[in-house]
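Before any comments, here is the structure.
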Amino acid sequence: MRRSRTALRGAAAAITAAGAVAIPVAAGTAYAGTGQIPYQCQIFGTRFDYNATVTVTAPAAAKVGDEVSVDVDFSDLPGVAPLPVQKWTTSGSVTVSGAQSGTLPIKAPERTGPVPAYGPLPIGKVSGRLTLSAPGDVGLAPAGLSILADAGAQATIACTPVTTPAPLATIKVEEGGQDGPDASVEPPTVVQGGAFTVSGTGWRPGAADLTLCDANGAACEPDDLTGVTASADTAGRLTASGSIAESAAVGARTLIIAQGAVTKRLALTVTEKVTPPDGGCGDKPASECGEQKINLTVNGGPLTMSRQPGEVDLTPVTLNGTEQNATGSLKDVEVVDARGGTTGWSLTGTLTDFGSAAGTKIPAGNLSWTPRCTAGPGAGTVTPGSAGALSTTTAATLCRAPDGAGKITGGTFTADAGLDLKIPPTTGAGRYTAILTLTLS
């Protein structure tokens, strides 16, 4: 996820964190803790309470260098949408504390409904992967949650804990002999129906699982692999083999090796199985006719954004005792999706209040934008977000490219927006500044 901060100058509420927790319980090699976390959520101008039952699951123990899975399971969100919700995507974060600290992004694949109007919205499991960097106890606590819902128009539901939650799960991290388990796949490019082998070191003795996913490690398809065997011996040497299903999607893919909560991702390219060329030579002798097969490998790139330099200056106003408007336009933002996959993206924004040197403010909600989105030559579909007011807490969509539904997405896109700021008649004179944060995910 990438962020860009833009200063808005012209004539620009915070929510604190939350949480009540229950004591976690260890179960086998997994550590699952459940608690009641009170959230305050907002959709557009409506706020509502969400008393979530949250379970955080992670390994009870691991080593430095291990990449572990962290699953956060949320109870249903109260029904607030006045229209049936057709599909929704959930993302959020987990606060990491103790031997290492930071924020772990979590995300769930897009879910589809419909969910009836005012019906509870299922959230379920939202997951992320954490690389352990230091020995000691590492605590995991649920933090913010964001649901991008589509009910004919898109709306973001942003939820923030009312108080800072305590960790619901703890990983006991020991010193590792190396930076986590190692693995490699041969060959790195496999034709549909072709076989591959995996070898590695540093694994725990026992069975392992293999899954083939898209280039980003999401949209995993269990049926894309056949005849899989995978296990590590008592010395930690991993041996695995399998075949790519003839129906597997071609292109850049990710082979995920999982052993409990420890995972390793390997890049793997799947090529299309084609009938060997018989061309026009037929039964002609080689001295009279020859054929050559030409191959091409296309490697996926990143999802990035950049913006036109400079600040946004809104039109100046002179107070006259009535509400006035200052207008302007965002600096152009360019999004480049070179991943070569089927996953879409969204570009969203939040805004601080406008403040002046004298301490007077203009609320962020006084600024409205009208998003504009343009797809470059040959690029996929892109749609603008809804026109409306910005917020300090609820991310508004500037532009969005939907998932490809089996088709490759990508290309270069340009996003901007017209801006309109309402200046109350009671505004103090001076120069005001706000910060717009744009997030690409």
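The values are calculated or read from the model by the stated rules, or taken from the named source; none is laboratory data. Quantities reported herein were computed from a predicted structural model and do not represent experimental measurements. With ideal geometry, Cβ positions are generated from the backbone for all residues, glycine too; neighbour counts draw on all protein chains shown.
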| field | Selection status of residue 353, surrounded by fewer than 21 Cβ atoms within 10 Å (Cβ to Cβ), under 30 Å from residue 424 (Cβ atoms), touching a helix residue (DSSP H, G or I) at 6+ places or on another chain (Cβ under 8 Å) and not assigned by TED's automatic domain parsing to the domain that holds residue 89 | value | yes
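How many residues does region 33-51 hold that are under 22 Å from residue 82 (Cβ atoms) and in a strand (DSSP E or B)? Spell out the reasoning first.
Pass one, region 33-51, residues under 22 Å from residue 82 (Cβ atoms): 39-51.
Those still in the list that are in a strand (DSSP E or B) too: 39-43, 46-51.
Result for region 33-51: 11.
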| field | The one condition in (1) outside any loop (DSSP other than H, G, I, E, B); (2) closer than 28 Å to residue 407 by Cβ; (3) out of contact with any Asp or Glu (no Cβ under 7 Å at 6 or more places or on another chain) that residue 246 fails to fulfil | value | (1)
| message | over 30 Å from residue 299 (Cβ atoms) and aliphatic (A, V, I, L, M): is that true of residue 358 in this structure? | response | yes
| note | Restricted to region 286-331 and to residues being hydroxyl-bearing (Ser, Thr, Tyr) and not in a strand (DSSP E or B), the residue surrounded by the most Cβ atoms within 10 Å (Cβ to Cβ) is 315
| query | Restricting the search to region 332-354, which residues are assigned to a loop (DSSP other than H, G, I, E, B) and acidic (Asp, Glu)? | reply | 332, 353
| task | Please work out which residue is surrounded by the most Cβ atoms within 10 Å (Cβ to Cβ), limiting yourself to region 381-403 and to residues that are β-branched (Val, Ile, Thr) and part of a strand (DSSP E or B). | result | 397
| request: Go through (1) more than 24 Å from the chain's Cα centre (by Cα); (2) farther than 19 Å from residue 264 by Cβ; (3) modelled with pLDDT of 90 or more and name the single condition residue 162 misses. | output: (1)
| task | Within region 356-370, count every residue that is closer than 18 Å to residue 425 by Cβ and out of contact with any Gly (no Cβ under 7 Å at 6 or more places or on another chain). | result | 5
| request: Considering each of 434, 405 in turn, give the residue that is modelled with pLDDT under 95 and in contact with a strand residue (DSSP E or B) (Cβ under 6 Å, 6 or more places away or on another chain). | output: 434
| task | Pairs only if they're at least six apart or on different chains, beta carbon under 6 angstrom, first in region 282-308 and over 30 Å from residue 339 (Cα atoms), second of a type outside the set (Gly, Ala, Ser); list them, first residue then second. | result | 289/281; 291/277; 291/281
